[in-house]
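I have placed the structure first, in the form of structure tokens, so that the comments after it can refer back to it.
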Amino acid sequence: MSRGKEKFFSIAGLLGITLACFGMCGCQRNELPKETEPDPDIEIERDTEIEVIDGGEVDHSDYSAPKEIESKDITEYYATFNIEGKWAPGQRDVFYTFEVKPDEEGVLMATESVTGVKAVADQALLTSLQEIIDEFNLAEHNGEYRITAGIDPSLYGPSTLTVNYASGEELNFTQDNDPSEEWAKKTYLAFAKWFAGQGDPSLLPEEYENMVSKLSIAFNDIYAGGSYEYSVGEERDEYGRLVLTRTIDGETDRASVYSSNIFFDDISGILSDHDLQAYASSSGDEEADLRIDIVYEDGHELSIHTSDEAAIDELVVMTSDLFDRFNDYF
């Protein structure tokens, strides 16, 4: 055989082998061998961490989730949030996690993770939690999942509420935490008071009985010739924020408070440094030069109406401190 024919058959043979191999491999390129197909009975662990760019928003909301929950019968409850300031004694600016769910024996237990408090849940607790859900219409947030990257996680998130009902309905949302959120404060206090009623006051704010809820001060400064009136009560602005009122020499201004808890905590601290009972009035003299009317969280009321110069001299520093705290918002 000639050299040309030998070379031709060698090349043809090599090409034939290559095409055969390519055909054998290529025909099964997109098919998994049966032994590597996932077993539906085996739970696969997936990485659920979401990677986001600083400042970006992650939105995994279920826009089809119902915005009305018919049932009022809570079977399980979970809430985690941060409310700015000092709430549980020794704790400040922390995320609290409240749960109501059956334990290993099926007993419905209420717990809080920071303080470790625990007690068997009852209907009174569940009813108070549902009242808060209704009061703030939290069902309108059902299905929401929106969190923002690049913000301070120690205060701003994320916060979650999940509630299961006997009807099978579920209320669930996750959002950037708002440290001044009123529903969260009421939820905290509902648990705190309930646990205290079960014999564990670990969640009750220090001096809770002395926490102020309303305050009005009127001072006619006979030496400087000015008149000052400051008050805070239940008035809210269009955004739901607490409103302070200030009247100086007949001119009235209003200011909004972003965190009512911090404001009342500061006011309560100023008042608690003084023995106000020593100046308490049995009747309100509306013509008195100094008039202080206080309503506490527990419903207790105290009034000081006096024109006695000695009493005013002793209370004027406290009065000045209260005015300064109000003025911070104007």
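The values are calculated or read from the model by the stated rules, or taken from the named source; none is laboratory data. All values derive from a computational prediction rather than experimental measurement. FYI the Cβ positions are ideal-geometry reconstructions off the backbone, even for glycines, and counts take in every protein chain you see.
Things to note:
- Residues of the range 162-173 that are touching an Asp or Glu at 6+ places or on another chain (Cβ under 6 Å), part of a strand (DSSP E or B) and not aromatic (Phe, Trp, Tyr): Asn164 alone.
- Among the residues making up the range 90-145, those that are among the acidic types (Asp, Glu) and surrounded by 16 or more Cβ atoms within 10 Å (Cβ to Cβ) are Glu99, Glu112, Glu144.
- Among (1) outside any helix (DSSP H, G or I); (2) touching a Ser or Thr at 6+ places or on another chain (Cβ under 8 Å), the one test that Pro201 misses: (2)
- Flag for Glu144 being over 13 Å from Glu76 (Cβ atoms) and out of contact with any strand residue (DSSP E or B) (no Cβ under 9 Å at 6 or more places or on another chain): no
- Tyr223 being assigned by TED's automatic domain parsing to the domain that holds Ser128 and over 15 Å from Asp293 (Cβ atoms): no
- Gly269 vs. criteria over 30 Å from Ala124 (Cα atoms) and exposed (fewer than 14 other Cβ atoms within 10 Å of the Cβ): no
Matching residues to (1) at negative phi; (2) out of contact with any Gly (no Cβ under 7 Å at 6 or more places or on another chain); (3) in a helix (DSSP H, G or I):
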| position | (1), (2), (3) |
| --- | --- |
| Gly240 | no, yes, no |
| Arg246 | yes, yes, no |
| Thr252 | yes, yes, no |
| Phe263 | yes, yes, yes |
| Ile267 | yes, yes, yes |
| Ile270 | yes, yes, yes |
| His274 | yes, yes, no |
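- For Ala196, the conditions (1) surrounded by fewer than 16 Cβ atoms within 10 Å (Cβ to Cβ); (2) farther than 20 Å from Val117 by Cβ are fulfilled apart from (2).
Yes or no, residue by residue, for (1) under 19 Å from the mean Cα position of the chain (by Cα); (2) in a strand (DSSP E or B); (3) modelled with pLDDT of 90 or more; (4) over 29 Å from Pro89 (Cβ atoms):
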position	(1), (2), (3), (4)
Thr160	yes, yes, yes, no
Lys186	yes, no, no, no
Pro205	yes, no, no, no
Ser213	no, yes, no, no
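- Residues satisfying the stated conditions in the range 289-311, i.e. of a type in the set (A, V, I, L, M) and touching a residue at least 60 places away in the same chain (Cβ under 8 Å): Leu290, Ile292, Ile294, Val295
- Only one of the numbered conditions (1) touching a helix residue (DSSP H, G or I) at 6+ places or on another chain (Cβ under 6 Å); (2) part of a strand (DSSP E or B); (3) among the hydrophobic types (A, V, I, L, M, F, W, C) is not met by Met109, and that is (1).
- Condition met for Ser303 (assigned to a strand (DSSP E or B), surrounded by 15 or more Cβ atoms within 10 Å (Cβ to Cβ) and of a type in the set (S, T, N, Q)): yes
- Of the residues making up the range 71-83, those that are surrounded by 19 or more Cβ atoms within 10 Å (Cβ to Cβ) and either part of a loop (DSSP other than H, G, I, E, B) or of a type in the set (Gly, Ala, Ser) (or both) number 2.
- A count restricted to the range 233-262 and to residues that are of a type in the set (Phe, Trp, Tyr) and either surrounded by 14 or more Cβ atoms within 10 Å (Cβ to Cβ) or in contact with an Asp or Glu (Cβ under 9 Å, 6 or more places away or on another chain) (or both) stands at 1.
- Residue count for the range 307-326 satisfying the condition of being polar (S, T, N, Q) and crowded, with 18+ Cβ neighbours inside 10 Å: 1.
- Evaluation of Asp176 against (1) closer than 17 Å to Ile83 by Cα; (2) of a type outside the set (Gly, Ala, Ser); (3) buried (at least 16 other Cβ atoms within 10 Å of the Cβ); (4) at pLDDT below 95 (one fails), failing number: (3)
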